[in-house]
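What follows is a short report on a single structure.
The values are calculated or read from the model by the stated rules, or taken from the named source; none is laboratory data. Owing to the predicted nature of the structure, the values given are computational and were not obtained by experimental measurement. All Cβ positions, glycine included, derive from the backbone under ideal geometry; neighbour counts span all protein chains shown.
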């Protein structure tokens, strides 16, 4: 049995719950079937197990190094990425016209989860590339797509996103990289970019950087940011590689985890090279000037769901490792067995180990359900026949995205901590994999917007957009689920009552926070709000799974019922305490003077 | 200003709150005064800053290696330990008759916290040595004390505790190391010990192992464990080092953090050496046969408070680093400032950063207060004039110890996670110290008994011992504080009402859990119980600090009021949700069949 993910669970989520085969009735997915979905999932699981998982530890131990000229990585990384490129998975969701597979987003996400469970460090390269390619597919010119996207789909070029600068991380308004226009319509870029994942390496023929920069004379702040393609090597008209562009690696960041992925400081136009005989990194504008951030945001929902998915996958593999350890590690005796000469019992027999396992299960299966549900919404947004359905999928996705990014990041990490705890001292050593999962997963609450940023996004923007339409829609969808649960009766009806109460409180608390129109007080509580609503949403995901399991009597389905029960009894009550706090409009931290900290 | 700990806070806790100078009226501490306390605190802070902190990262990067013969560590470790040894701090709390300083335990703990904040990896060597020496002082013969303890006090010998074996971690009943008696009264030991911190190195002249082993013919289980001194090098009658004993390093464990401390697998009597011409590691019995575990337990309270103290210290230094970063890192603008050309503001101006800082402050200052309070109880237990006071100090200490070990481990780690979060992407890199604090602190919920083990200790033993006398005493002490708070009025009275309610619920829930006399149900909830009661106890510590700050109007004291308010508003309500859960006698995880996980 795989210790990466549970195929049984994926099949349950995709088919019994999300009914993804129904998507094949839509034109975009008409070539697909349950068989093609199964085949690509099988392929992903096999590649992840055989090519990605085996070097996960090695790539962590021997992180990439830079000799001043080139970046060195363990050879298994390049081998794995070649296999991934050959598999066609890079273009899994893209149009057939560019060589893509036109797979539903939700199925592709289930495939990608295998790779993230196996090796987040190596997987990051193609996932960054997909984000880059998807952005160009949406906003690039046909020539740009031909020149840059096709080689990415073929696995020959990799891509990055270059947003942050040393003094401008969360605050993109302060980006200062400059793009000087040239007479031929091109640009020369000058500036420094920080935290660029996959920013340099020798793993692909070329690296396509998507760079936020300012065209002189544009408006200040985020409204003056434009987006540029800046390749590491210029590409000739025939597609062959030309000169070296002036994008130079200034240094590698050394991280706690995710160590297989290079994370770089890149200098643009510092004079190391003079492409086409002049200073400055040559770049092409994507779309129109000054619209760079909106293009980025266009792809942000999917990137953020991707982070949540990765966090869920890391949490999931940690859980399966902990479960396997708990079944096989003998230690101590069952309660009541007093004879010390009797054989030791596997630790899964100890109540607290069971509690830690069930907590992990409720976190990681809840997080996986949430991120796949969002992936399904992406498909709805893209392909639902009715315009209204597409719109409401988009609205719901907007509200759920900060939660789908943050909740799995927080609780996938918590699951990894519990996986260590189940292993005891062994789990703290690098001889066991769970300590790496924990280090790797600690990045997820930071990148693609910190926890705090997503709190502001949810409470300050998504919860009140269009007069609160998004939140009302979320409430309607949850209430539709609870209505089915009331009808089903039994335990489901009890959970539905709890959840109905939480929905009412979510709406009430949102109104209360904004009642005085004082953003300072409202937003001081944004992270607590994010966490509370996150628990409500994941409780909803559990009630959905419970209903999907109804009438099935296997151990698998009983496990779903047990984890659902655990979540409603152990976890959801946390949200109630948080709602109480939110209702009190607490200002303790805001009001305390700086010198009192 | 130091980024290790706040001397201002230590002075507040030790003097304004715990009134440690009053201890100097007792015979044992009669040579001491505020001046000697200040001097040893100054010395500790200086040594920690100058000798321990500077190589904290280096010793983590270049962890000890074993070439098959010797263990290699970075040279700064040996330098720091020599300075520590020369300072006399190893014997700080020990009797003057063995060269010790007879310092109150609470003052010594405040000293030791500086070293743990500076460098847990290097500090572990002397702290393990102190635990070893204290045990021998309590249970060793005068000859053993002369031979082994005096060189430890002088900083020449280091000590270890050898309890666990590969198949016997939490389950000491399963220890199998064998001690064969010799005609001369000595023993020869055979067996393998696992997880031995400081088990081998070249940092001291000798290593004194205290080893749990079985004398053949003794009872099975923990009642057949005896304690032995097994030195790495035999010690001649004149104190000089003799032959190499047969204790051999079988391997180093490679940990996520605490990497500066060797953690070892040791083989006893495997035949690498034949001391005095025969196989087996030569050992001396400590005290009487079969009483080894009770000797260990005698010292366990102090060792466990030491773990809590270290976790608090790591959390504390992380908080100070985050605060410093937040004051100096400009990013974004204050709420309402819309001009992107205006200068960026330090991130301490952002509400969520303030919330994360105040959460850290409430955790780490609460944890430090709790561990120092327990240190004060150790002094009471040892030196109170009245036998009744000594007894009640012991009883209260027994109840508080699992909390003083676990709560700081959990929330010191959480503080370190928030410190990373305040730093954003920088905090995740090894260029900043907070990521190491987080990795180092992750050990604390595991060693000296996992979280789960302490839950069992609290609910299964301490809460019900002597018909619940310990818990009643705790309730009385908390109620004595709330009575003062009611009298003080204002905010304190409000918190006191909350806390009175929590005390009532603690007693009620304990009774309810044990009402059916069904340990399976009670103990299935032991960890939740530990966490809930932990929050109540730390809320008590905050109310104590609030009262100690009364009538003082400085920024420091306002900070105490702010953190107290934060703890009562944001944190204590968590315990209420947990009490509700406990009252429901939840059995979800226990009842779910194994194959459903």
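Considering A:484, A:472, A:461, A:497, the condition of being under 23 Å from residue A:363 (Cα atoms) and in a helix (DSSP H, G or I) is satisfied by A:497 alone.
Of the set (1) modelled with pLDDT of 95 or more; (2) over 25 Å from residue B:20 (Cβ atoms); (3) facing another protein chain (nearest Cβ under 9 Å), all apply to residue B:531 but (3).
Considering every residue within the range B:52-59, establish whether at least one is under 27 Å from residue B:247 (Cβ atoms), modelled with pLDDT of 95 or more and in the same structural domain as residue B:250 (by TED's automatic domain parsing).
Our first condition is that a residue be under 27 Å from residue B:247 (Cβ atoms); within the range B:52-59, this holds for B:59.
Now drop any that are not modelled with pLDDT of 95 or more, which leaves B:59.
Within this subset, residues satisfying the condition of being in the same structural domain as residue B:250 (by TED's automatic domain parsing) are B:59.
Yes.
Of the helices (runs of 4 or more DSSP H) contained entirely in the range B:1-101, those carrying at least 3 residues that are over 21 Å from the mean Cα position of the chain (by Cα) and either more than 26 Å from residue B:197 (Cα to Cα) or free of Cβ contacts under 8 Å to residues at least 12 places away in the same chain (or both) fall at B:34-47. The requirement of being facing chain A (nearest Cβ under 10 Å), assigned to a helix (DSSP H, G or I) and over 30 Å from residue B:473 (Cβ atoms) is not satisfied by residue B:338.
Here residue B:128 fits the description: in contact (Cβ under 8 Å) with a residue 12 or more places away in the chain and either within 19 Å of residue B:437 (Cα to Cα) or outside any loop (DSSP other than H, G, I, E, B) (or both). Evaluated against (1) buried (at least 21 other Cβ atoms within 10 Å of the Cβ); (2) away from chain B (no Cβ under 14 Å); (3) in contact with a strand residue (DSSP E or B) (Cβ under 8 Å, 6 or more places away or on another chain), residue A:163 falls short on exactly one condition, (2). Has the range A:426-436 got any residue that is assigned by TED's automatic domain parsing to the domain that holds residue A:347 and within 19 Å of the chain's Cα centre (by Cα)? There is at least one residue in the range A:426-436 that is assigned by TED's automatic domain parsing to the domain that holds residue A:347 and within 19 Å of the chain's Cα centre (by Cα). The test for being within 21 Å of residue A:503 (Cα to Cα), crowded, with 20+ Cβ neighbours inside 10 Å and facing chain B (nearest Cβ under 8 Å) does not hold for residue A:569.
Each row is one residue, and each column tells you yes or no for (1) surrounded by fewer than 20 Cβ atoms within 10 Å (Cβ to Cβ); (2) in contact with a helix residue (DSSP H, G or I) (Cβ under 8 Å, 6 or more places away or on another chain).
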| residue | (1), (2) |
| --- | --- |
| B:44 | no, yes |
| B:49 | yes, yes |
| B:53 | no, yes |
| B:58 | yes, yes |
| B:64 | no, no |
| B:67 | yes, no |
| B:76 | yes, yes |
| B:81 | no, yes |
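For the structure I just gave you, tell me whether residue A:320 is modelled with pLDDT under 95 and within 14 Å of another protein chain (Cβ to nearest Cβ). Break it down stepwise before answering.
Numbers: modelled with pLDDT under 95: no; within 14 Å of another protein chain (Cβ to nearest Cβ): yes.
So residue A:320 fails the test.
In the range A:281-303, which residues are in a helix (DSSP H, G or I) and surrounded by fewer than 24 Cβ atoms within 10 Å (Cβ to Cβ)? Show your work before the answer.
Step one: filter the range A:281-303 for residues in a helix (DSSP H, G or I), giving A:292-303.
Passing the criteria: A:293, A:294, A:295, A:296, A:297, A:298, A:299, A:300, A:301, A:302, A:303.
Filtering the range B:508-566 to residues that are within 21 Å of residue A:590 (Cα to Cα), surrounded by fewer than 18 Cβ atoms within 10 Å (Cβ to Cβ) and without any contact (Cβ under 8 Å) to a residue 12 or more places away in the chain leaves B:553, B:554, B:555, B:558. Within the range B:407-429, identify whether any single residue is more than 14 Å from chain A (Cβ to nearest Cβ) and either under 14 Å from residue B:317 (Cα atoms) or in a helix (DSSP H, G or I) (or both), and answer yes or no. Yes, the range B:407-429 contains at least one residue that is more than 14 Å from chain A (Cβ to nearest Cβ) and either under 14 Å from residue B:317 (Cα atoms) or in a helix (DSSP H, G or I) (or both). For the structure I just gave you, tell me whether residue B:448 is facing chain A (nearest Cβ under 8 Å) and surrounded by fewer than 24 Cβ atoms within 10 Å (Cβ to Cβ). So residue B:448 does not fit the description; no. With the structure loaded, tell me whether residue B:326 is assigned to a helix (DSSP H, G or I), more than 11 Å from chain A (Cβ to nearest Cβ), in contact (Cβ under 8 Å) with a residue 60 or more places away in the chain and under 23 Å from residue B:435 (Cβ atoms) or whether it fails that test. No: the conditions fail for residue B:326. The single condition among (1) within 12 Å of chain B (Cβ to nearest Cβ); (2) without any contact (Cβ under 8 Å) to a residue 40 or more places away in the chain; (3) assigned to a helix (DSSP H, G or I) that residue A:358 does not satisfy is (2).
Would you mind stating whether residue A:372 is within 18 Å of residue A:541 (Cα to Cα), buried (at least 21 other Cβ atoms within 10 Å of the Cβ) and out of contact with any strand residue (DSSP E or B) (no Cβ under 6 Å at 6 or more places or on another chain)?
On the way: within 18 Å of residue A:541 (Cα to Cα): yes; buried (at least 21 other Cβ atoms within 10 Å of the Cβ): yes; out of contact with any strand residue (DSSP E or B) (no Cβ under 6 Å at 6 or more places or on another chain): yes.
Taking the combined requirement at face value, the residue satisfies it.
Criterion first (in contact with a helix residue (DSSP H, G or I) (Cβ under 9 Å, 6 or more places away or on another chain) and under 30 Å from residue A:264 (Cα atoms)) does residue B:424 satisfy it? Spelling it out, residue B:424 is indeed in contact with a helix residue (DSSP H, G or I) (Cβ under 9 Å, 6 or more places away or on another chain) and under 30 Å from residue A:264 (Cα atoms).
Determine, yes or no, whether residue B:349 is at the interface with another protein chain (Cβ under 10 Å from one of its Cβ atoms) and over 19 Å from the mean Cα position of the chain (by Cα).
Yes.
Scanning the range B:575-597 for residues that are on the phi < 0 side of the Ramachandran plot, touching a residue at least 40 places away in the same chain (Cβ under 8 Å) and either part of a helix (DSSP H, G or I) or more than 7 Å from chain A (Cβ to nearest Cβ) (or both) turns up B:575, B:576, B:578, B:579, B:581, B:582, B:583, B:587, B:589, B:590.
How many residues does the range A:143-159 contain that are closer than 16 Å to residue A:283 by Cβ and either without any contact (Cβ under 8 Å) to a residue 24 or more places away in the chain or out of contact with any helix residue (DSSP H, G or I) (no Cβ under 7 Å at 6 or more places or on another chain) (or both)?
From the range A:143-159, those closer than 16 Å to residue A:283 by Cβ are A:143-144, A:147-148, A:157, A:159; that's our starting set.
Those left that are additionally either without any contact (Cβ under 8 Å) to a residue 24 or more places away in the chain or out of contact with any helix residue (DSSP H, G or I) (no Cβ under 7 Å at 6 or more places or on another chain) (or both): A:143, A:147.
Here the count works out to 2.
The residues listed here are B:212, B:249, B:227; of these, the one that is under 24 Å from residue A:426 (Cα atoms) and buried (at least 24 other Cβ atoms within 10 Å of the Cβ) is B:212.
Results for (1) closer than 20 Å to residue B:306 by Cβ; (2) away from chain A (no Cβ under 14 Å); (3) touching a helix residue (DSSP H, G or I) at 6+ places or on another chain (Cβ under 6 Å), shown as yes or no for each residue.
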residue	(1), (2), (3)
B:454	yes, no, yes
B:457	yes, no, yes
B:466	no, yes, no
B:473	no, yes, yes
B:504	no, yes, no
